[in-house]
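Remarks on the structure that follows.
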Amino acid sequence: MNNMQLIANYVPGKSFFHRLHPSTKIIWVLGALLTVFFIKDPLIIFAFLVVVLVLIKASNTFATYRASLMLLLPIIFGLIFFQIVAPAFPKPWTPLARLGPFVLYNEGVYSALVLSLRIISVASFALLFIMTTYPGDLFTTMRMWGVPYEISFMVTTTIQLIPILQKEMNIILSAQRSRAMQASGFSALLPSIIPVFAGAIERVRQMSMTLESRAFGSSGKKTSIRQLKMGTLDYTLIILTIIALIGIFYLLWINQGFDRSQQMIFPAPAAIILFLGSIIGFFGILVLFARRIKN
Amino acid sequence: MTTTEAKLVKRPRIPTTYIVALIPVAAALNIVGSTINAALRLPTFLDMIGTAVVAMTLGPWWGALAGLITNIGIAIIRNPVSLPFALCNMVGALVWGYGIRWKMGKSFGRLLILSMFVGFFVSLTAVPIYVLVFGGATGHFGDMLTATFVAMGQRLWVSVFSSNILVSFTDKIISTFVALAILGALPKELTSHLELVEQKNLKTVIWITLGIVVGIAALLFIMFTNIAG
Amino acid sequence: MSKNIIIKCEDLHHTYPSGVSALQGVDLAIAEREIVGVIGQNGSGKTTLVKHFNGLLKPTSGQVFVKGINTREAEIKEISRHAGYVFQNPNHQLFAGSVRKELEFGPANIGMSAEEIEERVRLAADFFGLEEFLDENPYRLSFPLRKTVGIASIYAMDPEIFILDEPTTGLDYTRARMVAALIKKLQDEGRTVLIVSHDMMLIAECCTRVIVLWNSRLIGDGTPREIFGNRELLEKTNLAPPQIFRMAEEIGLQHNGKTPLSVDEAVEAVERGERAG
Ligand SMILES: Nc1ncnc2c1ncn2[C@@H]1O[C@H](COP(=O)(O)OP(=O)(O)O)[C@@H](O)[C@H]1O
Ligand SMILES: [Mg+2]
């Protein structure tokens, strides 16, 4: 499990978050997910995001976080675009401006804010969890929760295989280019992908024999090398979390998710800027990604 | 282990250890498939080929497991937000797996229809996730098509489904025939129980795919123009 | 031997993105029809060097010319028509549904006509004894056969320069002999061949010239006899000459006035009773 650290998003450290038991963190992530998906006030979600960002900063994981969040940007820009012109609210919608075939709605700006903040904050919190949890501990926890050993074995193996196969892929691409294969396009597809698969399948045979010789699956409970114990802090936090969640859901229930779409009125120029910005952002990011792949 | 063994009774030829080794390889290949897709700059995803291979050789439910493991893997190494799409990967596996069992791989035409079924059901699972969670965006060039449909006056979920089905058909038809080519390179004991058509020239498949997708796109445009007009 | 230079390196440096400096100032000129053995310890830079000869790697500084083409300015596709590179592991290149299609791939990519392709495939299949497997899936063949298909697929492209990286690794004795026979045939056809190998017997038997890499630098260049007779050089690089050469040296066996390099030469020398002074 050693080389897993290299590619997983795990950032070694000793911060508060690092020291929590994975179970506690999983409950937090699930709780945040549920809460954020029922809150309809962008300001509350924004406040939650700020808290998460502070936690990320405090656990020294900001650099890794930023790189991972980049991958979300195209979808966020797309989301803003679509929501402004087709809000996730029942009609009637209040038009703010018109740009060519598109009408920009007030509810649209509102739901663009809610949905994008929702995704960013949930993703950020989940990333914080991934970045501060040693993958091995995650699998130990999965087994503690009754997930069969075979499943966590398969997930671990998958993660270990990815960099190996990626390296194979690079060798294969150069081997085929030596045979004058086109550098891109469908004609290059089978020559590139079949050797990766066929090579990996040969690996399966060897892996299978190794497992056979270790009598995989026949013995009883698997013990893990690293000891993971739930501390008093973890129990306290879990209980507090559950009480807090009950309170939050009661508030959400009586306030109907703090829906303020009718009170918040956005100026038309803001809607236009947001709309045009999402288009520029979408293409900008895609071009940026395409460049990065080329290099 | 008892449940695993119970499922295995149907295919006694393939040892459990082989399955336990094959599934992570397929999952890793799903992920590497999308890297190859990007490296060759193809307009597809190619992120379910490993799933297709497992679903066809070992059966639908093993394929679904491979799909699930893929998305757990992606969640851990990249971003947990993609976790809901595990559902799409699993649905694809079920359609591929049962399709092959119900002899949908016996001829070129049948396999083509099966791959469109896969595309359809994967879209059917993906579109609600895209609309409810991601506000209709996918983050790919397909979003431009969605925007065009929205501009034509269609509702968001109709637009997302229409553009997604085009992307999905392209991707799943090509993935199916790539998987078929891969089966040809696998050890015989894995594929001898399957009734499968001969490997097809990929160029032919791509032309047919293009025909199908352009045809459906034209149909959608005509429909949407008439409804709007 | 004609003196037309076909490959030329000028102050070739290569540093990988990881920061490893794998070549540090290599100057080398290879003439047409030379059969060059590239030897050196693992990690000395052999593979890195020969990958420059078909454009797979570009110099990070210095120049490489292949048939007068500066490799910086050409695509691999263009260079690979002149210089064929056989990868060590055949699993890295085999993909087609049949051996025939595998052999057709390279020739088709460089734009050969249908008749030419058919002729090249026939020649390659004939030479490598692959006729009976032409319709088999390459992945359903044994490893040595697969390796043979890999070499044949480059042979089918008809390159003037042939680069073989560890061609005998993983092959049984008979197949390894076939590689030696292939190199002889390539030589007879007037091609230039580069062989990266630890198989000193192969190097001694086939090469007209041997170059030695050590720590990213070229430290030896000469005929096989000169290199294998240079104790100091071999000790420094931790390489051992072929057994037969060492034995002949020990007992002073001579073939036409030189130390025999191959079993055949040694046998002849013994039969003639030729000894050193
Ligand atoms: N793709 C690569 N990325 C980084 N370093 C590499 C790569 N390939 C080779 N190297 C390093 O370059 C050096 C020379 O390697 P190589 O040319 O393969 O040597 P040889 O073929 O003589 O064994 C080694 O130190 C090796 O680790
Ligand atoms: Mg090497």
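The values are calculated or read from the model by the stated rules, or taken from the named source; none is laboratory data. All values derive from a computational prediction rather than experimental measurement. Positions of Cβ are generated from backbone atoms using ideal geometry, with glycine treated the same way; all protein chains shown enter the neighbour counts. Remember, those area values only see protein heavy atoms, side chains included, never the ligands or the DNA or RNA. Shrake-Rupley method; radii C 1.70, N 1.55, O 1.52, S 1.80 Å.
Membrane-span-like helices in chain A, defined purely by DSSP H runs whose alpha carbon atoms cover 15 Å or more axially and whose average Kyte-Doolittle hydropathy reaches 1.0, are A:22-38, A:42-58, A:73-85, A:106-131, A:232-254, A:268-294.
In a DSSP loop and with at most 14 other Cβ atoms within 10 Å, the chymotrypsin sites (Phe, Trp or Tyr not before Pro) in segment A:67-164 are A:TRP145.
Helical content alone sets the calculated 222 nm signal of chain B at -25000 deg cm²/dmol, taking -39,500 (n - 2.57) per DSSP H segment of four or more residues and averaging over every residue.
Per residue, the accessible area of chain C comes to 43 Å² when a 1.4 Å probe rolls over the protein heavy atoms. Within straight-line reach of C:LYS101, meaning a Cα separation under 27 Å, sit the following lysines at least 8 residues removed in sequence or on another chain: A:LYS167, B:LYS106, B:LYS172, B:LYS188, B:LYS200, B:LYS203, C:LYS51, C:LYS77, C:LYS147, C:LYS184, C:LYS185.
Once you reduce segment A:40-68 and segment C:229-272 to the center of their Cα atoms, the two points are 72 Å from each other. Under 14 Å of direct C-alpha separation, and excluding same-chain neighbours fewer than eight residues apart, A:LYS25 reaches these aspartates and glutamates: A:ASP137, A:ASP234. Considering only A:VAL147, C:TYR16, C:TYR85, and ranking their Cα positions along the charge dipole of the protein assembly as shown that arises from unit charges at the beta-carbon of Lys, Arg, Asp and Glu, the one farthest toward the positive end is A:VAL147. Within the protein assembly as shown, DSSP assigns beta bridges of which about 60% are antiparallel (rounded to the nearest 5). Ranked from largest, the principal axis spans of the Cα set of chain C equal 60, 45, 35 Å. Ranking A:VAL109, B:VAL214 by solvent-accessible area of protein heavy atoms (1.4 Å probe, all protein chains present), from largest to smallest, gives B:VAL214, A:VAL109. Placing +1 on each Lys and Arg Cβ and -1 on each Asp and Glu Cβ, with no other charges, gives chain C a dipole about its Cα centre of roughly 620 debye. Taking trypsin sites (Lys or Arg not before Pro) across segment B:35-129, the ones in a DSSP loop with at most 13 further Cβ atoms lying within 10 angstrom of their Cβ are B:ARG41, B:LYS103.
Taking all protein chains as shown and a probe of 1.4 angstrom, B:VAL158 keeps an accessible surface of around 30 Å².
The average projected area of segment A:149-225, computed from the convex hull of its Cα atoms over all directions, is 6.5 nm². Summing Lys and Arg as +1 and Asp and Glu as -1 over all other residues whose Cβ lies under 15 Å from the Cβ of A:PRO92 gives a net charge of +1.
Charge dipole of the protein assembly as shown (Cα centre as origin; +1 on each Lys and Arg Cβ, -1 on each Asp and Glu Cβ, all else neutral): 2520 debye, rounded to the nearest 20.
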